[in-house]
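Asker: Handing you this structure, nothing more for now.
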Amino acid sequence: MSRTDHRGTSPTRLKSPAAARNREPILAVLEEVLPARARVLELASGSGEHGLHFASAMPGWQWQPSDVDAHSLASIEAWRETSGPGNLMAPIRLDATGAWPDETYDAIVAINLVHISPWEVIEALVARAGERLSVGGALYLYGPYRREGRHTAPSNAAFDEDLRRRDARWGIRDLETVVEVARPHGLACETVVEMPANNLSVVLRRR
């Protein structure tokens, strides 16, 4: 599934209506949970608009975008070349289930990834976060979740059905299950913030 509207401002620079809607609420949470200076790895960066916005707003964040999709990587680089600040790094191809950069990060950010991925991606994400995050570093997950086995809104239930029709390996996850699978990797749930459109910001901190 594409999360990006490919009718961008150019054949390369893609635009995501969802990113335009949620970037400010997400930034507000990130500003609360991350230090003013931080090395951040973003997975599934999509169009690249989130990274562009966050790096522009917070010059002390060294923002490393990544994706597996060639069109997304081209879009990220196009936005960076056109209007990216110096703290926005060149995008890298990164599959959560494959090899990761041999780097340490203060934060790992995954926006709208958990529900649009096979479960093994989530398992690999929390495992690698446990290895690559500095002590006290944060894994930030944004998207819809079930809580205590129930959807938080009828629209989320319908969205979940649609996701599973598209790919049986996708779907809205139980928040408690995600938190539990992260625990053996030294990640503890620090905070859950309710966001617009029945989404959640989930912050897991490396102990």
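Asker: Taking the condition touching a residue at least 60 places away in the same chain (Cβ under 8 Å), of a type in the set (A, V, I, L, M) and farther than 17 Å from LEU125 by Cβ, does ALA70 pass?
Answerer: For ALA70, the condition - touching a residue at least 60 places away in the same chain (Cβ under 8 Å), of a type in the set (A, V, I, L, M) and farther than 17 Å from LEU125 by Cβ - is not met.
Asker: Right, here's the next one. Pairs under 8 Å by beta carbon, first residue in contact (Cβ under 8 Å) with a residue 40 or more places away in the chain in the range 185-207, partner of a type in the set (Lys, Arg) and assigned to a strand (DSSP E or B), six or more apart or different chains?
Answerer: So the pair list comes out as GLY186/ARG206; LEU187/ARG205; LEU187/ARG206; GLU190/ARG205.
Asker: Also: Which of the strands (runs of 3 or more DSSP E) found entirely inside the range 92-163 contain at least 1 residues meeting this: open to solvent by less than 60 Å² (accessible area, probe 1.4 Å), in contact with a strand residue (DSSP E or B) (Cβ under 8 Å, 6 or more places away or on another chain) and of a type in the set (Gly, Ala, Ser)?
Answerer: 105-111, 133-143
Asker: Now for a separate question. Which of the residues that make up the range 34-72 are open to solvent by 30 Å² or more (accessible area, probe 1.4 Å) and assigned to a helix (DSSP H, G or I)?
Answerer: Matches in the range 34-72: HIS53, SER56, ALA57, ALA70, HIS71.
Asker: Using the structure shown, decide if SER75 is out of contact with any His (no Cβ under 7 Å at 6 or more places or on another chain), open to solvent by less than 20 Å² (accessible area, probe 1.4 Å), modelled with pLDDT of 95 or more and of a type in the set (Ser, Thr, Tyr).
Answerer: yes
The values are calculated or read from the model by the stated rules, or taken from the named source; none is laboratory data. From a predicted model like this one, the values you see are computed outputs, not experimental measurements. No Cβ is skipped: glycine too gets one built from the backbone with ideal geometry, and neighbour counts run over all protein chains shown. The area values use the complete protein model at the heavy-atom level, side chains included, leaving out ligands, DNA and RNA. Shrake-Rupley method; radii C 1.70, N 1.55, O 1.52, S 1.80 Å.
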